[in-house]
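Colleague: Dropping the structure in here first, questions after.
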Amino acid sequence: MSSYQDKLDKLIQKLKQNMNRVLATQEVPLAKASPLKSPGVYMIYFNGELQYIGSSEDIKKRIKTNLLSGNKESHTLINKLCTLKNWSIDEVRNFLKTAATIKFIDTETEDDAKILEHVLVAIHHPYYNAPLKKLKKQMAPL
């Protein structure tokens with residue numbers, strides 16, 4: 001039983017350290033982000049609010065390739081913006097490059113990133129982390 005307690009204690013300690021790193025990190029313009037090639041979590045802000053939280057085993061690739069140069073299949077946020085706002089891929093990319101800011105941290109492992117992502121989503125409830133089906137219903141006329 002104590003081995004479970006030890007594992008839980010280590011997990012909680014690591015989560016606390018990563019949460020402190022998130023709080024200490026400043027937002028930067030998304031187009032100027034320069035993340036490391038490592039696992040990590042990223043938080044995207046626009047319209048003055050936190051809008052999306054994600055994680056990746058390679059945060060640099062996820063932001064530079066999948067988000068800033070991607071398509072509807074490469075990133076959930078791109079798909080949701082295209083669908084909900086009826087924007088083209090180019091309009092979404094331009095919006096993200098000019099209007100979005102990002103906060104990101106690297107983590108030791110992909111599992112650490114996933115745990116941190118889920119905790120941050122549970123705390124902040126970012127709009128674009130909700131399922132697309134739910135978001136479409138919210139936008140439907142009464």
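Colleague: Arranged from highest to lowest average of other beta-carbon atoms within 10 Å per residue, in what order do the peptides 106-114, 53-61, 12-20 appear?
Modeller: Values: 106-114: 17.1, 53-61: 20.1, 12-20: 13.6.
The peptides rank, most packed first, as 53-61, 106-114, 12-20.
Colleague: While we're on this one: Considering the dipole of the chain built from charges on the beta carbon (Lys and Arg +1, Asp and Glu -1) around the Cα centre, which of Gly40, Thr65, Cys82 is farthest to its positive end?
Modeller: The one lying farthest along the dipole's positive direction is Cys82.
Colleague: Taking +1 at the Cβ of each Lys and Arg and -1 at the Cβ of each Asp and Glu, which of Tyr4, Ser55, Asn18 sits farthest along the dipole of segment 1-141 towards its positive end, judged by Cα position relative to the Cα centre?
Modeller: Toward the positive end, the furthest listed residue is Ser55.
Colleague: Please list the non-local residues whose amide H lies under 5 Å from the amide H of Thr107, H modeled 1.01 Å from N, same-chain partners needing a gap of 5 or more.
Modeller: Gly40, Val41
Colleague: Here's another thing I want to ask about it. Based on Cβ point charges of +1 for Lys and Arg and -1 for Asp and Glu, what charge dipole magnitude is obtained for segment 72-128 about its Cα centre, in debye rounded to the nearest 20?
Modeller: Working: 7 positive and 9 negative charges, 94 e Å.
Computed about the Cα centre, the dipole is about 460 debye.
Colleague: Of the listed pairs Lys16/Lys114; Lys37/Lys72; Lys60/Lys97; Lys114/Lys136, which have alpha-carbon separations greater than 20 Å here? Walk me through the numbers before you get to the answer.
Modeller: Working: Lys16/Lys114 14 Å; Lys37/Lys72 23 Å; Lys60/Lys97 15 Å; Lys114/Lys136 26 Å.
From the list (Lys16/Lys114; Lys37/Lys72; Lys60/Lys97; Lys114/Lys136), the Cα-Cα distance tops 20 Å for Lys37/Lys72; Lys114/Lys136.
Colleague: Could you work out the local net charge near Lys60, counting Lys and Arg as +1, Asp and Glu as -1, over the other residues with Cβ closer than 12 Å to its Cβ? Write down the numbers at each step before the final one.
Modeller: On the way: positive: Lys37, Lys61, Arg62, Lys64; negative: Glu57, Asp58, Asp106.
Result for the local shell: +1.
Colleague: While we're on this one: Please work out which option in (1) 9.8; (2) 8.0; (3) 10.3 gives mean projected area of the Cα convex hull in nm² calculated from these coordinates, and answer with its label.
Modeller: Label of the calculated value: (1).
Colleague: Another one. Could you give me the ³J(HN,Hα) list for segment 74-81, computed from phi with Karplus coefficients 6.51, -1.76, 1.60 and θ = phi - 60°, whole Hz, x at Gly and Pro?
Modeller: Result, ordered by residue: 8, 8, 4, 5, 4, 4, 5, 5 Hz.
Colleague: Now a separate question. Post the alpha-carbon centroid distance, segment 77-128 to segment 26-65, in whole angstrom.
Modeller: 7 Å
Colleague: On to the next question. Please list, in chain and number order, the residues 5+ apart from Gln51 or on another chain whose amide H is under 5 Å from its amide H, with Hs placed from the backbone.
Modeller: Excluding prolines and chain starts, which carry no amide H, the hits are Ile44, Tyr45, Phe46.
Colleague: Taking the solvent-accessible surface of protein heavy atoms with a 1.4 Å probe, what is the per residue accessible area of segment 11-142 in Å²?
Modeller: On the way: 7510 Å² over 132 residues.
Roughly 57 Å² per residue, with all protein chains present.
Colleague: Using the Karplus curve 6.51 cos²θ - 1.76 cosθ + 1.60 with θ = phi - 60°, work out ³J(HN,Hα) for each residue of segment 6-21 in order, rounded to whole Hz, and write x for Gly and Pro.
Modeller: Listing the rounded values in order: 4, 4, 5, 4, 5, 4, 5, 4, 5, 5, 4, 4, 5, 5, 4, 5 Hz.
Colleague: Now a separate question. Let me have the relative contact order for the chain, percent, based on Cα pairs under 8 Å that are six or more residues apart. Intermediate values should be presented prior to the final figure.
Modeller: Details: 197 pairs, mean separation 46.7, N = 142.
Relative contact order, the chain: 33 percent.
Colleague: Can I ask one more? Each residue of segment 24-31 in turn: what ³J(HN,Hα) in whole Hz from Karplus with 6.51, -1.76, 1.60 and θ = phi - 60°, glycine and Pro shown as x?
Modeller: Karplus-based 3J(HN,Hα) across segment 24-31 equals 7, 8, 9, 6, 10, x, 4, 5 Hz.
Colleague: Can you give the net charge of the other residues whose Cβ lies under 12 Å from the Cβ of Ser74, counting K and R as +1 and D and E as -1? Present the calculation step by step, with values, prior to reporting the outcome.
Modeller: Details: positive: Lys61, Arg62, Lys64, Lys72, Arg93; negative: Glu73.
Combined, the nearby Lys, Arg, Asp and Glu give +4.
Colleague: Is the shape of segment 7-49 best called rounded, prolate or oblate, per the rule: a/c under 1.5 gives rounded, else a/b larger than b/c gives prolate, else oblate, with a ≥ b ≥ c the square roots of the Cα gyration tensor eigenvalues?
Modeller: On the way: a/c = 3.07, a/b = 1.92, b/c = 1.60.
Note, shape of segment 7-49 comes out prolate.
The values are calculated or read from the model by the stated rules, or taken from the named source; none is laboratory data. The shown structure was predicted, so the numbers you read here are calculated from the model rather than taken from an experiment. Quick reminder, even Gly has a Cβ in these numbers, built from the backbone with ideal geometry, and neighbours come from all protein chains shown. Quick note on the areas: whole protein, heavy atoms, side chains included, nothing else; ligands and nucleic acids left out. Shrake-Rupley method; radii C 1.70, N 1.55, O 1.52, S 1.80 Å.
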